[in-house]
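A quick write-up on the structure given underneath.
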Amino acid sequence: MKRDSALDELRKELNYDKTHACVQCGYCLPVCPTYVSMGKETHSPRGRINLVKMVGEGRIKDLSVIEESLDLCLGCRACETACPTGVEYGAILEATRAAIVRRKQFSLPARIVRNVVFKKIFPSRKVMNLIGNSMWLYEKTGLQKAARTTGLTNMLPAHLGKFEAITPSAVSPLQRSSLPQYTPAKGEKKYTVAFFVGCVMDAMFRRINELSVKLLSEVGCDVVVIDNQTCCGALHAHAGERDDSKALAKRNISAFGQHNVDFIVNNAGGCGAILVEYDHLLADEPDWVERAKQFSAKSKDITQILALCGGIQGQARQPQRVTYQRSCHMTNVQKVTKEPLQLIRGIANAEFVEMTDAAMCCGSAGIYNIVNYDASMDILDIKMEHVKDTKATTIITTNPGCLLQMKLGIEREQLQANMRAVHLVEYLAEAAGISESSFK
Amino acid sequence: MLLYCYEARKGISQVEQRQIEEIRTIIATGRILTAESDRYSYSFDGSFGTYLPDVVVQTKDVQEIAELVKFANRELVPICPRGQSTSLSGGPLPVKGGIVLDLSVMNQLLEIDAEDLVAVVSPGVLTADIHKAADEKGFMYPPDPSSSHVSTIGGNLAENSGGPRGLKYGVTKDYVIGLEVVTPEGEIIRTGGRTVKNVTGYDLTKLIVGSEGTLGIITEAVLRLIPKPPASKTVMAIFDSLIDAGRAISKVLSSGILPSKMELMDQASILAVENYEPSGLPIDAEAMILIELDGHPAAISDEANQVSILCKEVGAREVRVPATQAEMDEVWRARKLVSPAIARIKPTKISEDATVPRSQIPEMCRRLQEIKKKYNVHLVVFGHAGDGNLHPNIVADKSDIEEMRRVEQAVTEIFETAIQLGGTLSGEHGIGTMKAPFMEMELGAAGLDMMKRIKQAWDPNNIMNPGKIFPEPGQKLVLSE
């Protein structure tokens, strides 16, 4: 093979060396949501790896040839769990996406949106707060109703209108400022934990964050909420904005590093996945990699800590059938699979039914359902068929994206009357009789 | 890139735009893929090499397939049928370009007929789905290639796949009694039927099974089912000598007991698995064999005792009989992990499936050890030892040209040894592109010529999966560039 230095550079950029671990056995095909829904190798994990390989070998000259294939990947990483040879698919995907983004001339509006969303909105708690407040105002002022009746929401870009109906009702600014900096453990203290609030969770699901803190306190944790924490950077990394992602990681490592806690606890599968991989993200930064390792080692999903502390005792208000839509990143990256099931099964008066292909992605995948709406809905429709087969009335989730997508699925199937989607934290709190009323 | 280069790229057809337009008129219900990213995504399988097709066609409709083949035959465009491309021998690779026909989408039919004891299936149905459907009705479809949860039945039929249960139950061809086939001239024919007995004319069913897509496209199959065995039991025997392990295999098989599986792991594979995922395997042992017995619970309990005694007689240092299902699963999991575990030693894995008569298993084990030393290659022996289908795998690094030359020599000598011992080049993976140069060595000039004549009679224009099975003039095994 001819050596040329430009190609060598490109290979490094793409993580080309990691593609050699793929022996093209195809074990990833049946677990890949896009291969199942789209029915071609171009949208399979080994197909995508092969395309990266072809670019690295100079057979495909233009990166734009493989762009659509990589764009349409959900990044659920179910293929890594199925892979017998341990291919680091996520690393190949993110490196290649970053390479594509670097070369791409985004149209001016797209560039502005990317800049604003990734550099200004997610990282800023102030701005996310503002969004939360605007959402509240928007609802309370009747603007929402007006927008719905005039069809204005349907004119929002990229199907955002469809999501408007399912976003949770926002909380008032008064409530929003109420997450306490310190909540003592009920009874004997077992651990001190720092709660990772997250950006989307904080702005849109503050109620779940409140319940999370209360549950942690209930099982015996002192809970601190650190002030200068920021967005986890997962969405940036998935979209190829690696440098932004690294900057956010450093801010979080610095913020949490100043406090001596046993664990850093989050309640969003997608955030948790990058938090446990901060050491990979910063692997090429010698000044940071050790601190990142310490941070990642302490980072846990809330279900791990609740289970570690003995679980939640409770019973469903009325007999019901529940099913569980896993967060892909919790399953395939954090490898947290047992604890959520243990907690769900621990609630009395409810029957747990596993759906077919339970571990398969729902199509939410960060902002995938917004940017690749049609592909996402094809995947959701398959998922909802499996959900319906279980005859469950409650779908439990462990990540905000999945929660919204399941709500959207219920709306699309018009099942609102007898089916609901909740975060596991909400389900546990409800069963334990813990309410969302503000902290005193 | 690793290519089995035999002047390969000569004579590659280029499908012209007007031809693609014609294909569009033929394929009314399916999809036609021509984008560069799509074509590259159908350029590979589980073996080696990248061969770019001109167009990829997907359809569920047999009439459309027949018309497409008629078109290809008239226009002399190569057409390569493909399942999910898990092949380890290059079967679905479009080595001469042309059309790749993706049959994985043709999965509409999976019918279990409990009265006739058959399954009727479309080629795109996954093998594991047939296992499941049969199991639900109390039956078994025995062929069980390791990739059955990914591989299509069409691919299994084309390659005549085996699997661990081949020892007791035989391979794919032993369970196929009828086929629907689109011939290379675009005719739709039916072979065999739904009866176990059928001697009407030549047995075209058996001819098509294992023909690697060179004689036609299978569009439906009738598979024989058997009653599901009520129970199974596992015996694990550990040896200080690989050759003793080989002897134990022969001894058990000649004692009147026929296990359903009999798998061998040598020291290199035990070590690789233990390094990959520690589970307390005996890493100082030179080999271990795993034996599964199935049948009536009382019968297999007695057989398990006999097998344990026989293994000890030939020098097993330890015999374990897992008591619970969980322990049993643990033992078989170790065997399943061999393949991924050795792939982590070095990146390039050359997986062979040369097979010898049962009596020659100990001798083959000895010769493989010699070959390993002689060429200083990383050779791992594991596999379906009971049926003589050892899987000598060589792991190497393809960027090391000197090492790859040694690997080529070692592979060649493995093939020669298998044939000298009365065995065969391929037990279950097929010939494809890689083993074609060795065909004459096993079949003789006249034997190979008869096969070529069959191919010519069926496919006079050589459009059906060309470049497979038969060597090109002067073709040699080449693993390096």
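The numbers here are math on the coordinates, done by the rules we state, and not lab data. Please read all numbers here as calculations on a predicted model, not as lab measurements. Here the Cβ positions follow ideal geometry from the backbone for every residue, glycine too, while neighbour counts run over all protein chains shown.
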Checklist entry - In nm, to one decimal, how far is the modelled label at residue B:401 from the one at residue B:232, with both set 7 Å along Cα→Cβ? => result 4.8 nm
Checklist outcome for this item: In region A:1-32, the trypsin sites (Lys or Arg not before Pro) that sit in a DSSP loop and have at most 13 other Cβ atoms within 10 Å of their own Cβ are A:2, A:3
Checklist entry - Working out 0.36 nm times the residue gap between residue A:13 and residue A:57, then minus their Cα-Cα distance, what length gain in nm do you get to one decimal? => result 14.5 nm
Checklist outcome for this item: Between the Cα axis of helix B:242-253 and the main Cα principal axis of chain B, the angle (0 to 90°, nearest 10) is 80 degrees
Next on the checklist: Modelling each spin label as a point 7 Å along the Cα-to-Cβ direction, I'd like the residue A:413/residue B:313 distance in nm, to one decimal.
Outcome noted: 6.1 nm
Checklist entry - Roughly how many Å is it from the Cα centre of region A:59-104 to that of region A:1-38, as a whole number? => result 7 Å
Checklist outcome for this item: In debye to the nearest 20, the charge dipole size for the protein assembly as shown, taken about the Cα centre with +1 at each Lys and Arg Cβ and -1 at each Asp and Glu Cβ, equals 2260 debye
Checklist entry - Can you list residues whose amide H is under 5 Å from residue A:314's amide H, if they're 5+ apart or on another chain and H is modeled 1.01 Å from N? => result A:348
Checklist outcome for this item: Exposure-ranked with fewest Cβ neighbours within 10 Å first, B:196, B:307, B:331 stand as B:196, B:331, B:307
Checklist outcome for this item: The rounded separation in angstrom of the Cα centers of region B:232-308 and region A:205-235 is 53 Å
Next on the checklist: Contact order normalised by length for chain B, with contacts defined as Cα pairs under 8 Å and 6 or more residues apart; what percent is it?
Outcome noted: 16 percent
Checklist entry - Using θ = phi - 60° and the Karplus form 6.51 cos²θ - 1.76 cosθ + 1.60, what ³J(HN,Hα) does each residue of region A:328-335 get, whole Hz, x for Gly and Pro? => result 4, 6, 6, 6, 8, 10, 6, 6
Checklist entry - Roughly speaking, what is the centre-to-centre gap between region B:327-386 and region B:395-447 when only Cα atoms are used, to the nearest Å? => result 15 Å
Next on the checklist: Just want the ordering: B:286, B:413, from fewest to most Cβ atoms lying within 10 Å of their own Cβ.
Outcome noted: B:413, B:286
Checklist entry - Given B:360, B:411, B:310, which one lies farthest toward the positive end of the charge dipole of region B:296-439, if we put +1 on the Cβ of every Lys and Arg and -1 on the Cβ of every Asp and Glu? => result B:411
Next on the checklist: What FRET efficiency comes out for residue B:199 versus residue A:105 if R0 is 56 angstrom and r is the Cβ-Cβ distance? Round to the nearest 0.05.
Outcome noted: 0.20
Checklist entry - Going by how many other Cβ atoms sit within 10 Å of their own, how do B:165, B:190 line up, fewest first? => result B:190, B:165
Next on the checklist: Taking θ = phi - 60°, what integer Hz values does the Karplus form 6.51 cos²θ - 1.76 cosθ + 1.60 yield along region B:389-397, in sequence order, with x for Gly and Pro?
Outcome noted: 8, 5, 10, x, 10, 10, 9, 8, 10
